1. For helix 89-100, report the angle its Cα long axis makes with the longest principal axis of the Cα atoms of the chain; keep it between 0 and 90° and round to the nearest 10°.
2. Between segment 90-108 and segment 36-52, what is the separation of their alpha carbon centroids in Å?
3. Over the chain, what is the mean sequence separation of C-alpha contacts under 8 Å (at least six apart), divided by residue count, expressed as relative contact order in percent?
4. Quick one: grab the alpha carbon gyration tensor of the chain, order the square roots of its eigenvalues as a ≥ b ≥ c, and give me rounded if a/c is under 1.5, else prolate or oblate depending on whether a/b is larger than b/c.
5. Round to the nearest 10 and give me the degree value, 0 to 90, for the angle of helix 130-142's Cα axis relative to the longest principal axis of the chain.
6. Most exposed first by the Cβ proxy, i.e. fewest other Cβ within 10 Å, how do T23, T104 rank?
7. With charges only on Cβ, +1 for K and R and -1 for D and E, what is the dipole size of the chain about its Cα centre, in debye, rounded to 20?
8. What does the highest-first list of 161-172, 39-50 look like by mean Cβ count within 10 Å?
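Just so it is clear, none of the values below were taken in a lab; they were calculated from the coordinates. Keep in mind that what you see is a predicted model, and the values were worked out from it rather than measured. Quick reminder, even Gly has a Cβ in these numbers, built from the backbone with ideal geometry, and neighbours come from all protein chains shown.
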Amino acid sequence: MKRLSEPPSPVPGGAAIFQRLYTRLGCRGRPPRFEVEFYPYANLMHTIRLREEGAHVRLSDALRGAPLAVLESAAAILLSRVYRRRAPGEILRAYRQFVLLPRTRRRVAALRGVRGSRVKLGPRGSVYDLAPMFTRLNRHYFGGRLHRPRLGWSSRTWRAQFGCFDPALDQIVMNRWLDRPSVPRYAVEYVLFHEMLHVKHPLRAARCGIEAHSLKFRMEEKRYANYDRARKFLDRLP
Ligand SMILES: [Zn+2]
């Protein structure tokens, strides 16, 4: 998640796309004022943050020049996440197909080459140690059979993401922001458990992104014992 020096730039027609999909997914209430920009993420990642009246959306700039259907698809994915709506499969298909295109994969690999990096900090944080946490979760939820990727804390605090599994680098990186006493263990474990599910269900072209959450994934995620509590804690964060 290193940033390049090139600045983010507005997505042409981005706000209109999000407004449209907001209605199409049946999200309730008045739509927020959408601000949508292309952002130089190190991978195919997109984020949305709701604040007061507005929604701030960042689409990976790997989507620059992508067909409208792909942008709509990405919008549906993000909106369905924050508003807990189910996006219809036919809307998502354009995005899924796009990420699997050899051209897209080459482009994302190139971005990663420039912007991505291996985790430098190990699993032991100042409060939480990811290694025993992984072992415990693995034993409890995966019968101890899940392959263990490299584990580490991000070297900087991320603003948009709690954790990330990168299949290409075979690593789980957790947002260092979580490594503090005010964050309960069940919330950290939940984020790690979520990333472990990505290890179990890898998508070749999807990296750290949100596109990998199938219905099956979501159901499996709810097996985590403190799921509701953890979601509540994390959703409440500013
Ligand atoms: Zn995920």
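1. So the helix axis and the longest Cα principal axis differ by about 70 degrees.
2. Here the two parts' Cα centres lie 17 Å apart.
3. 16
4. prolate
5. It is inclined by approximately 80 degrees.
6. Final ranking by Cβ density, sparse to dense: T23, T104.
7. It works out to roughly 340 debye.
8. Highest to lowest by the protection proxy: 39-50, 161-172.
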